[in-house]
Amino acid sequence: MTQAAIFTVAQLNAEVRQVLERGFGSIWLIGEISNFASPGSGHWYFTLKDQHAQIRAAMFRNANQRAKVRPQHGMQVLVWAKLTVYEPRGDYQLIVEHMEDAGAGLLQQRYEQLKHKLQSEGLFAEEHKQPLPAEIRRVGVITSPTGAAVRDILAVLKRRDPRVEVIIYPSAVQGQAAVNDLLFALQRAIARNEVDVLIMARGGGSLEDLWCFNDEQLAYAMHSCPLPLISAVGHEVDFTIADYVADVRAPTPSAAAELVSRDQRETLQRLQQLDHRLQQYWRRQRNFIQQSLQHWQHRLEQQHPQRRLQQHSQRIDELMGRANGAIVRNHKQAQQRLAYQRQRLQVLHPQRQLKPRQQQLSELQRRAGLAIQQTLKAWRQRQQNAAQNLHLVSPLQTIARGYAVVRSERGELIRSPEQLATDERFSIRVAEGEFSAIKAPAKTAE
């Protein structure tokens, strides 16, 4: 017969604690607070109960400092806690890590559950989100026609781009009827298909105020919407299910209006930036050509053979051709970009500011073209002069003027008669050819 293990009380309590902590971990629990105590240590001790049972609980100071509510006798709370055993007394209890009012807590729990479900179904995936159109002429707004959200949107659009037309699809945005109103307004906007983009908007509020935007049916309807859809619900810190499902989330209704409009001043500023970049490009191209020509000119001056000179000349021509081609291509692309910006400005009617810029750009193009042509012409002339100078200092030219080159049979250059022995043969190179000679004995003075 196997002898059973014998535990001490401390060992038993430790074993029970491990079983509870491993088996349960952290759990959500709802109940009523009683016997609340807060000693000088700053920790909270209380009992959590319902109609049939109760359990002791502790919430230590580092956790209760983050709590949004302070426990009171009889308060219904929702807690996130770890089940454990207080070993010295053998009491099993809860160590509370998070506490909130049960009403708001249940809503938050429902919100998290729905969020997890829809996310697992792919409703939040980026690949399903539509981009906003490049040109937006008509904007649909699903919101209360008397709320602050629609006033903010209209004010921003009037200031930034008054050309944008706004169509309001009225709907309640709070209360029991809000979900059906939002669904009807969304279906109506889809059926009429008269806008480029939709904004679903509401001002800020509590979780309960914004709860209609956390509806599952509304989330599916937004996900299947064929029109680009912007969610602008609440303030920047508020996040609803609608924010995650929408193609674009704006932190506020005013921010949504800025997303669908283009500021006329921004367009003019972009044109000025393009003009500045074009001027910088011409300067870089001119410096590049000058540096390339200087580089190859230096190498030509350092190397004598005519064949190298011809090779480098051909290479310079090739580089110049490629540079000219690049200038033409980039110039054409710049003209195309400018033409596009001009077309945009014609729609916005900023003719008084565009005309001086066009004149400056034309003058810059003309001056840049003349400068490049003059620079190329000057460097070609310098290349021809360098070739002529190299030709003049050639050893063959020196021989042609009546000089001769004397070498021994070993190929050594002879500069003095003492380098040759008597009767030693050597060669003489003149302009018309080469012949051999023998050194005669030196004549003695009589």
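Where nothing but the Cβ of Lys and Arg (+1) and of Asp and Glu (-1) is charged, how large is the charge dipole of the chain around its Cα centre, in debye to the nearest 20?
Numbers: 58 positive and 44 negative charges, 608 e Å.
About 2920 debye.
If all Cα-Cα distances of the range 133-259 are sorted into 5 Å bins from 0 onward, what percent lands in each bin, rounded to whole numbers?
2, 12, 24, 28, 21, 10, 3, 0
Relative to the compact globular guide of 2.2 N^0.38 Å, what is the alpha carbon radius of gyration of the range 196-302, as a ratio?
Details: Rg = 26.2 Å, N = 107, 2.2 N^0.38 = 13.0 Å.
Rounded to two decimals, the normalised Rg is 2.01.
Determine the gain in length on full extension of the stretch Ile399-Ala10; use 0.36 nm per residue of separation and subtract their C-alpha separation, reporting nm with one decimal. Please list the in-between numbers first.
Working: separation 389, 0.36 × 389 = 140.04 nm, distance 11.61 nm.
Length gained between Ile399 and Ala10: 128.4 nm.
Pick out, from Val245, Val260, Ala232, the residue whose Cα sits farthest towards the positive end of the charge dipole of the chain, with +1 on the Cβ of Lys and Arg and -1 on the Cβ of Asp and Glu.
Val260
Can you tell me the length gained on complete extension of the stretch Glu127 to Phe184, counting 0.36 nm per residue apart and subtracting the Cα distance? Working shown, then result.
Details: separation 57, 0.36 × 57 = 20.52 nm, distance 2.64 nm.
Full extension of this stretch gives 17.9 nm more.
Could you tell me the relative contact order of the chain? Use alpha-carbon pairs under 8 Å, at least six residues apart, and round to a whole percent. Each step should come with its number before you reach the end.
Numbers: 592 pairs, mean separation 37.2, N = 446.
After rounding, I find 8 percent.
Students often forget the sequence filter, so: which lysines lie under 29 Å Cα-Cα from Lys117 once same-chain residues fewer than 8 apart are removed?
Correct list for Lys117: Lys68, Lys82, Lys129.
Per the helix-only calculation at 222 nm, which mean residue ellipticity applies to the chain, given -39500 (n - 2.57) for every DSSP H run of n ≥ 4 and division by its residues, nearest 500 deg cm²/dmol?
-16500 deg cm²/dmol
Could you order the peptides 63-72, 217-226 from most to least packed, using the average number of other C-beta atoms within 10 Å per residue?
Details: 63-72: 14.3, 217-226: 17.1.
In descending order of packing, they fall as 217-226, 63-72.
Largest first and in whole Å, what are the equivalent-ellipsoid semi-axes of the range 1-107 based on the Cα gyration tensor, each being the root of 5 times an eigenvalue? Kindly include the intermediate steps, with their values, before the conclusion.
Working: eigenvalues 179, 44, 31 Å².
Semi-axes, largest first: 30, 15, 12 Å.
How large is ³J(HN,Hα) for each residue in the range 224-240, as worked out from phi by the Karplus curve 6.51 cos²θ - 1.76 cosθ + 1.60 (θ = phi - 60°), to whole Hz, x for Gly and Pro?
8, 5, x, 8, x, 10, 10, 9, 9, 10, x, 9, 4, 7, 8, 10, 10
Going by average Cβ density within 10 Å per residue, which order do the peptides 319-328, 410-419 take, highest to lowest? Before the final figure, lay out each step's value.
Details: 319-328: 13.7, 410-419: 9.4.
Per-residue Cβ counts within 10 Å, averaged per peptide and sorted highest first, yield 319-328, 410-419.
Between the range 222-282 and the range 128-143, what is the C-alpha centre distance in whole Å?
If you average the Cα positions of each part, the centres end up 10 Å apart.
Along each principal axis of its Cα atoms, how long is the range 165-209 end to end? Whole angstroms, biggest number first, please.
The principal-axis extents, from largest down, are 33, 19, 12 Å.
Can you order the peptides 92-99, 134-141, 380-387, 34-41 by their average number of other Cβ atoms within 10 Å per residue, highest first?
Working: 92-99: 19.8, 134-141: 17.2, 380-387: 13.1, 34-41: 11.4.
Averaged packing, sorted descending, gives the order 92-99, 134-141, 380-387, 34-41.
Which of Ala178, His52, Ala371 sits closest to the plus end of the dipole of the chain, meaning its Cα is farthest towards the positive end, when Lys and Arg get +1 and Asp and Glu get -1 on the C-beta?
Positive-end residue among those listed: Ala371.
Taking the Cα atoms of the chain alone, what are Rg (to one decimal) and Dmax (as a whole number) in Å?
Taking only Cα atoms of the chain, I get Rg and Dmax of 45.0, 153 Å.
Would you kindly state how much longer the chain becomes between Asp423 and Ala191 on full extension, computed as 0.36 nm times their sequence separation minus their alpha carbon distance, in nm to one decimal? Intermediate results must be reported in sequence, preceding the final value.
Numbers: separation 232, 0.36 × 232 = 83.52 nm, distance 11.68 nm.
Gain on stretching Asp423 to Ala191: 71.8 nm.
All of the numbers you see were taken from the coordinates with simple rules; none came from a lab. Fair warning: this is a prediction, and the values are worked out from it, not measured in the lab. So basically every Cβ, Gly included, is an ideal-geometry build from the backbone, and we count neighbours across all protein chains shown.
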